[in-house]
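Please read the structure below before turning to the comments.
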Amino acid sequence: MKTTLILIIASAAICAAGPSSEIDEPAGALTLRQALALTLTRNPELAAVGYDIRIAEARILQAKLLPNPELDLESQDIVGSGEFSNARRSENTLQLGQLIELGGKRGARVREAGFGRDLAGFAYETKKREVFFKTAEHSIDVLSGQRRGSVNEELVQLAGSFIPAVEKRVEADKASDLKKTRFDVAIGSARIDLEQAKRDLLAARQRLAAQWGSTKPRFGSAVGDLDATPAAGSFDTLARRLEANPRLARFGTEIAHREASLAREKAAAIPDVTLRAGARQLNESKDGSAVIGFSLPLPLWNRNQGNIRAAREQIDRAGAEQAAAAAALTAELSDAYQNLARARAAIVILRETVLPGAESTLKATGEGYEAGRVQLSRDSRCQADHRRRAHSVSPSGERLPQSASRG
């Protein structure tokens, strides 16, 4: 369910990320909006996908270019036998040829390349949402790591506050040395948990900084409200928004792009004409004459039938891909929405029942032990562990794995 909260935060932050002007990583507090802005301007993966748009622009430029003219030089009767053995009887012909594209080939190429550029834009938007999701996820990891570190510090301090009372009871022979050893082990475990939380936080900070290509985090701490539970709206409202998702919105352009490919293949079936014009010189008489001509392929067998059929199949395939993408996105939304509802219920139980009960039990246990009414047993030690586990629930309501809760 942590994923659901990240999706909500990242979706809202995409609209609020602001312009993509270059910014510097702050040395102090880092907000999610600042992290997303840094990601937008410096993320290496996003920058790599951005080059696809430039490549598509270059392809449009190439598609607009006309075919180059051809220069043809032909010499006849240079070497021969009999009356043709004299090189002075040779003829030289110089011609300039130009391919004339028919059937709208050039326009079809340009339209196809234009849709290719639009698809590159959709790919960029898709990648942007992916890296924004990762940034939001790593930001929450840093925030939760900071929270776990604080909780573990409190637990170490809390355990330390019991040391005088335990030593006093041991000296008074009201507690055995074995129970004192168990208490020392519990304190050691709390200190190990604190050290692990610090290491996990350092790793989370590094993962977040890597989102904008930094090898060493400069920000001091992440700021944000882990207790916030933003409203997601109704399922039907969210489902209608799926049409604007670039993973689905791209198919309108994808189908148009494949239709343009079909038009290009149909145009390729129409033969092009090559026109030639030039001059011929007769070396013997020093006379000259003009020469004109043309060439035209005869489409007897190859009329580009296979490529035309393949292009039609590509259009039909795009429709099937669109239906599959819509079904997959709807299923992902349904899973995320149900996880969100389950997480909200868990958060209410934690806030209203678990945490208050753990706090009051821990307080009563401490007072009772100091007064000699409560023995240092496994059950009493588990109260502090229960409190730690209650704080180890993720912001979305999921219980973190054992390794994560210790961090």
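The values are calculated or read from the model by the stated rules, or taken from the named source; none is laboratory data. Keep in mind it's a predicted model, so treat the numbers as computed, not measured. Every residue, glycine as well, gets a Cβ built from its backbone with ideal geometry; the counts of neighbours run over all protein chains shown.
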Item to complete: Tell me, please, whether a residue that is assigned to a loop (DSSP other than H, G, I, E, B), of a type outside the set (Val, Ile, Thr), at pLDDT 75 or above and more than 24 Å from the chain's Cα centre (by Cα) can be found in region 207-220.
Response: yes
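Could you please let me know if ALA279 is farther than 30 Å from LEU238 by Cα, exposed (fewer than 12 other Cβ atoms within 10 Å of the Cβ), over 47 Å from the mean Cα position of the chain (by Cα) and of a type in the set (Gly, Ala, Ser)?
Values: farther than 30 Å from LEU238 by Cα: yes; exposed (fewer than 12 other Cβ atoms within 10 Å of the Cβ): no; over 47 Å from the mean Cα position of the chain (by Cα): yes; of a type in the set (Gly, Ala, Ser): yes.
In short, no.
Any residue in region 38-51 that is charged (D, E, K, R) and at pLDDT below 95?
At the first step, the residues of region 38-51 found to be charged (D, E, K, R) are 42, 45.
Still in the list and also at pLDDT below 95: 42, 45.
The answer is yes; a qualifying residue exists.
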Looking across region 296-339 at residues that are part of a helix (DSSP H, G or I) and over 35 Å from the mean Cα position of the chain (by Cα), the single one that is nearest to GLU101 (Cα to Cα) is GLN305
Query raised in the report: Can you find a residue in region 242-264 that is assigned to a loop (DSSP other than H, G, I, E, B), among the small types (Gly, Ala, Ser) and either at pLDDT below 95 or crowded, with 16+ Cβ neighbours inside 10 Å (or both)?
Result: no
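So which residues in region 212-238 are over 22 Å from ARG351 (Cβ atoms) and of a type in the set (Gly, Ala, Ser), if there are any at all? Break it down stepwise before answering.
Our first condition is that a residue be over 22 Å from ARG351 (Cβ atoms); within region 212-238, this holds for 212-222, 233-238.
Those that are over 22 Å from ARG351 (Cβ atoms) and of a type in the set (Gly, Ala, Ser): GLY213, SER214, GLY220, SER221, ALA222, GLY233, SER234.
Do the conditions hold for ILE163, that is, is it at pLDDT 75 or above, of a type in the set (Val, Ile, Thr) and either surrounded by fewer than 19 Cβ atoms within 10 Å (Cβ to Cβ) or touching a strand residue (DSSP E or B) at 6+ places or on another chain (Cβ under 6 Å) (or both)?
no
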On the given criteria, is ARG148 farther than 30 Å from ARG258 by Cβ, over 22 Å from the mean Cα position of the chain (by Cα) and of a type in the set (D, E, K, R)?
yes
Within region 329-345, restricting to residues that are in contact (Cβ under 8 Å) with a residue 60 or more places away in the chain and among the small types (Gly, Ala, Ser), the one that is surrounded by the most Cβ atoms within 10 Å (Cβ to Cβ) is ALA343
- request: Tell me, please, whether a residue that is out of contact with any His (no Cβ under 6 Å at 6 or more places or on another chain), more than 30 Å from ALA56 (Cβ to Cβ) and without any contact (Cβ under 8 Å) to a residue 40 or more places away in the chain can be found in region 148-155.
  value: yes
A careful count of residues in region 48-78 that are under 29 Å from ARG207 (Cβ atoms), surrounded by 12 or more Cβ atoms within 10 Å (Cβ to Cβ) and either among the aromatic types (Phe, Trp, Tyr) or in contact with a Ser or Thr (Cβ under 9 Å, 6 or more places away or on another chain) (or both) gives 1
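Over 38 Å from the mean Cα position of the chain (by Cα) and touching a residue at least 24 places away in the same chain (Cβ under 8 Å) - does that describe any residue in region 261-270? Show your work before the answer.
Initial filter on region 261-270 (over 38 Å from the mean Cα position of the chain (by Cα)): 269-270.
Applying the additional criterion that residues be touching a residue at least 24 places away in the same chain (Cβ under 8 Å) yields 269-270.
Yes.
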The condition of being surrounded by fewer than 12 Cβ atoms within 10 Å (Cβ to Cβ), free of Cβ contacts under 8 Å to residues at least 60 places away in the same chain and within 37 Å of the chain's Cα centre (by Cα) holds, among SER285, SER234, only for SER234
